[in-house]
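Asks: One structure, as structure tokens, below. Some questions next.
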Amino acid sequence: MVQATEPARVTEHPKPLLTPKRQEALTGYLFALPFVVGFIGLTLGPMLFSLYASFSDYNVTSAPRWIGLENYDYILTQDDRFRTSLGNTVYYVLLKTPLIIVISLLLALLMRVEVPGRRVFRTIYYLPTILTGVSSIFLFIWVLSPTGLLNNGLDSVGIRGPNWFFDPDWTKPGLVVMALWTIGTPLLIMLAGLNGIPRDLYEAASIDGAGPWSKFWRITIPMLSPTLFFLVVTNIIFAFQVFNSAYVISTTISPTRAPGDPAQSLLFYEVYLYLRAFRDLQMGFASALAWILFFIIMVVTGIQLWLSKRWVYYES
């Protein structure tokens, strides 16, 4: 007689507390946690306090005293130095941004030409970007002095150079010349955009009889428009925040000059904000200046985003 056997017992493993998908999400949150904590503690928190201080009379040494819109009302209706600093900054933005875009595009086009040593030239153009900060500012104080390297070179060909940082009409063009020194970064971005354009488009255009100028306007510019848009937006934002070069030049080129001299031509927005905050200790007033600048940059960026629908082409 055959004895019946018991069926084999299936061992049940306990279910994991977290599914693989949740484990992956938790890992991502843990990696992002340092940034989130840093952003809340070091960026968002100070921003919110600055917003509150902008409606207060706050001089650092005492607690903020709520005064409502008095800071904003005085800035927008009575502060002549605010209008001077904003005018200087807008002038600098309008002068610098187109030059940076056009020159970086021309150099990027040259960098694509098949010549021996092309990589070396690319490296040489990017190297000045490494030398930044106060050291490069002092270098250009020497280069752009009335008897400096650039003016001596112009004199050798019969051209009388300007007084640059000693002449109110030439201070901002001098800063733009300084900005061209670090054109390596926009040049690199522009070159990457050009390299992303399919060569098949140029070959097809050549078969159809298109010339170099037609290829440039009908292929290069439309395909490069997202890169151009990015550079325009970022360069405008950076230009609105010009500070180091203007402050260092206006305070060190002559011991008798005040910040913003000569004739307040170097009184840029961030320089004025810095003077109000750290020289006059009017932190509430400076916070209002900062939020006005934030609003201006947001409006300018929003206008560019709206206009981009008319000229920026995104390949689908």
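What follows draws every value from the coordinates through simple rules; no lab data is involved. The shown structure was predicted, so the numbers you read here are calculated from the model rather than taken from an experiment. Cβ coordinates were reconstructed from backbone atoms using ideal geometry, including for glycine residues, and neighbour counts include every protein chain displayed.
Asks: Need the full-extension length gain, residue 63 to residue 127, defined as separation in residues times 0.36 nm minus the C-alpha distance. One decimal, nm.
Replies: Net length gain for the segment: 18.3 nm.
Asks: Additional query: What is the sum of charges, Lys and Arg at +1 and Asp and Glu at -1, for the other residues whose Cβ falls under 13 Å from the Cβ of residue 249?
Replies: 0
Asks: Exposed loop sites here are GluC sites (Glu not before Pro) in DSSP loop states with at most 15 other C-beta atoms within 10 Å. What is the longest stretch of the chain lacking them?
Replies: Within the chain, the longest run free of exposed GluC sites (Glu not before Pro) spans 115-314.
Asks: While we're looking at this one, here's another question. (i) 23.4; (ii) 24.3; (iii) 20.3: which one is Kirkwood radius over Cα pairs in Å as calculated from this entry?
Replies: This structure yields the entry labelled (ii).
Asks: At a Cα cut-off below 18 Å, give the aspartates and glutamates reachable from residue 172, other chains included and same-chain residues fewer than 8 away excluded.
Replies: 261, 270
Asks: Please state the shape class of segment 81-152: rounded when a/c is under 1.5, otherwise prolate if a/b exceeds b/c and oblate if not, all from the C-alpha gyration tensor.
Replies: Judged from the Cα gyration tensor, segment 81-152 comes out oblate (a/c at least 1.5, b/c at or above a/b).
Asks: Test of understanding: what is the full-extension gain from residue 23 to residue 70, defined as 0.36 nm times their sequence separation minus their Cα-Cα distance? Don't skip to the end; give the middle numbers.
Replies: Working: separation 47, 0.36 × 47 = 16.92 nm, distance 5.20 nm.
11.7 nm is the gain from fully extending residue 23 to residue 70.
Asks: 7 Å from Cα along Cα→Cβ at both residue 43 and residue 281: what's the point-to-point distance in nm?
Replies: A separation of 3.2 nm, rounded to one decimal place.
Asks: For the chain, what does -39500 (n - 2.57) per DSSP helix run (n ≥ 4), summed and divided by total residues, give at 222 nm, in deg cm²/dmol to the nearest 500?
Replies: -19500 deg cm²/dmol
Asks: Could you please state, rounded to a whole Å, how far the C-alpha centre of segment 103-143 is from the C-alpha centre of segment 22-93?
Replies: 35
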